[in-house]
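To start, the structure itself, in structure tokens.
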């Protein structure tokens, strides 16, 4: 866990998610009617597209602003997925014309609070390594 995270696995995943997501969104928007399965596909592909687009940015932010303990791959992927969940949820709420400034800010605040509490729980569950005394009998 102490070794530096490399961008290559994140880059390949981000590229695949972004290409599939944005390409699929283009195909759905151009070639389908807004029926039930096309709408579900829209939300899934939007989640993939936003997650793939946010993954390099989240990785860069964790490299630029390191913290103790350093973020591992699960944290970076989870935080990029929050961006996708946020965008897809706002798109879904827009169908019912429910999106207002307060909804946008409240949803963002709720997701940020959820991530904050998850990080607190992760930091609290980590135990320092046991100290081995060579002089002990």
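So, in the stretch 26-66, of the ones that are outside any helix (DSSP H, G or I) and under 18 Å from the mean Cα position of the chain (by Cα), which residue ends up modelled with the highest pLDDT?
65
Just the residues that are in contact (Cβ under 8 Å) with a residue 12 or more places away in the chain and assigned to a loop (DSSP other than H, G, I, E, B), please, taken from the stretch 3-25. Before the answer, list the steps.
Quick first cut of the stretch 3-25, residues in contact (Cβ under 8 Å) with a residue 12 or more places away in the chain only: 5, 7, 9-11, 13-22, 24-25.
Selection gives 5, 7.
Only one of these conditions is not met by residue 17: (1) modelled with pLDDT under 95; (2) closer than 30 Å to residue 63 by Cβ. Which number is it?
(1)
Could you say whether any residue in the stretch 68-79 is surrounded by 14 or more Cβ atoms within 10 Å (Cβ to Cβ) and not in a helix (DSSP H, G or I)?
Looking for residues that are surrounded by 14 or more Cβ atoms within 10 Å (Cβ to Cβ) and not in a helix (DSSP H, G or I), one finds at least one in the stretch 68-79, hence yes.
Could you list, in sequence order, the residues of the stretch 86-107 that are surrounded by 15 or more Cβ atoms within 10 Å (Cβ to Cβ) and part of a helix (DSSP H, G or I)?
86, 87, 88, 89, 90, 91, 92, 93, 107
Output the residues belonging to the stretch 45-75 that are touching a residue at least 40 places away in the same chain (Cβ under 8 Å) and closer than 16 Å to residue 18 by Cα.
If the condition is that a residue be touching a residue at least 40 places away in the same chain (Cβ under 8 Å) and closer than 16 Å to residue 18 by Cα, then 46, 47, 55, 56, 59 are the ones that fit.
The values are calculated or read from the model by the stated rules, or taken from the named source; none is laboratory data. On a predicted model such as this, the values are computed, not experimentally measured, just so you know. Backbone-built Cβ (ideal geometry, glycine too); neighbour counts: all protein chains shown.
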